[in-house]
Amino acid sequence: MKVIQVENQVEGGKIAFELLKEKLAAGAQVLGLATGSSPIEFYKQIVASDLDLSGLISINLDEYVGIDEDNPQSYHHFMNEHLFDAKPFKVSYLPDGANEADGPAAVGRYNKILSEHPIDLQILGIGTNGHIGFNEPGTPFTEETHLVDLDQSTIEANARFFEDVSQVPIKAISMGIKNIMDAKSIILFAYGASKQEAIKGLVEGPVTEQLPASILQRHPDVVIIGDAEALAKLNR
């Protein structure tokens with residue numbers, strides 16, 4: 001595991017972009033993508049570049065259940081706005097969360113996609129409670145794509161994107177921890193003081209399902225990119 005301290009998200013995005021180019025030069029074909037504020041500067045670097053992604057496949061981590069793809073708060077909309085409209089992939093897969101009743105079938109379809117397209121590079125953020133994707137504390141490390149009841153702390157953290165907390169979806173479809181660990185390489189972004197405890201647990205704490213990201217200690221190729229606030233509690 002490699003930890004890189006950066007001054008801000010712009011610098012973090014630039015470093016991640018250089019790592020992406022290295023992976024593409026080495027033959028990467030499938031990118032696992034994340035939403036949220038952490039990877040936005042990384043996506044801006046891609047959009048501003050001359051990279052052609054039209055021969056690649058992207059697979060997103062997760063999607064809310066119960067909102068349509070064209071909803072401004074859906075992760076489909078987020079990815080179109082920040083990356084896909086400017087840099088289309090050959091195929092882009094995102095979980096289908098629009099119809100809650102179809103959840104089990106959507107989970108099965110997504111696990112099949114992941115088995116057919118192994119991820120070369122997975123992008124991650126991290127929640128204040130240590131979640132990766134929407135794998136909340138207590139999620140088994142053996143879990144594959146699944147329906148998630150979102151933790152209250154996750155709902156409250158995501159409320160800033162909605163008019164009020166009552167509008168935040170309470171369920172999601174997420175890649176499981178096993179799916180994430182199956183990626184050949186991982187880049188995780190962490191910014192701000194609210195991520196200090198999660199990052200300390202990820203890097204230095206015990207590997208425990210109560211802090212899902214701690215399993216990354218067992219992955220052979222993880223790069224953590226974070227600012228001074230996020231990394232402040234590490235013993236370095």
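The values are calculated or read from the model by the stated rules, or taken from the named source; none is laboratory data. This one's a predicted model, so the numbers in the text were calculated from it and none came from an experiment. Here Cβ is always computed from backbone atoms with ideal geometry, including for glycine, and neighbour counts include all displayed protein chains. Ligands, DNA and RNA are excluded from the accessible area calculation, which covers all protein heavy atoms including side chains. Shrake-Rupley method; radii C 1.70, N 1.55, O 1.52, S 1.80 Å.
Observations on the structure shown:
- The residues in region 142-194 that are open to solvent by 40 Å² or more (accessible area, probe 1.4 Å), modelled with pLDDT of 85 or more and of a type outside the set (Asp, Glu) can be counted, and the count is 11.
- Region 9-41, residues that are among the polar types (S, T, N, Q) and buried (at least 16 other Cβ atoms within 10 Å of the Cβ): 9, 35, 38
- Applying the criterion of being open to solvent by 40 Å² or more (accessible area, probe 1.4 Å) and among the aliphatic types (A, V, I, L, M) to the residues of region 42-65, the residue that is farthest from the chain's Cα centre (by Cα) is 48.
This table checks each residue for (1) under 16 Å from the mean Cα position of the chain (by Cα); (2) in a strand (DSSP E or B).
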{"residue": "183", "(1), (2)": "yes, no"}
{"residue": "188", "(1), (2)": "yes, yes"}
{"residue": "197", "(1), (2)": "no, no"}
{"residue": "201", "(1), (2)": "no, no"}
{"residue": "208", "(1), (2)": "no, no"}
{"residue": "214", "(1), (2)": "yes, no"}
{"residue": "224", "(1), (2)": "yes, yes"}
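- Taking the numbered list (1) under 20 Å from residue 161 (Cα atoms); (2) open to solvent by 50 Å² or more (accessible area, probe 1.4 Å); (3) modelled with pLDDT of 90 or more in turn, residue 85 passes all entries but (1).
- With a requirement of 2 or more residues that are small (Gly, Ala, Ser), the helices (runs of 4 or more DSSP H) lying completely within region 4-98 that satisfy it span 9-25.
- Residue within region 129-152 that is among the hydroxyl-bearing types (Ser, Thr, Tyr) and more than 28 Å from residue 105 (Cα to Cα) present: no
- Some residue of region 115-136 being more than 25 Å from residue 9 (Cα to Cα) and in a strand (DSSP E or B): no
- When the criteria are applied in full, residue 96 fails the requirement of being touching a helix residue (DSSP H, G or I) at 6+ places or on another chain (Cβ under 9 Å), among the charged types (D, E, K, R) and over 19 Å from residue 176 (Cα atoms).
- When region 77-129 is filtered for residues that are aliphatic (A, V, I, L, M) and more than 25 Å from residue 224 (Cα to Cα), the ones remaining, listed by number, are 86, 91, 98, 101, 105, 106, 107, 113.
- Some residue of region 217-230 being without any contact (Cβ under 8 Å) to a residue 60 or more places away in the chain and either surrounded by 18 or more Cβ atoms within 10 Å (Cβ to Cβ) or touching a Gly at 6+ places or on another chain (Cβ under 9 Å) (or both): yes
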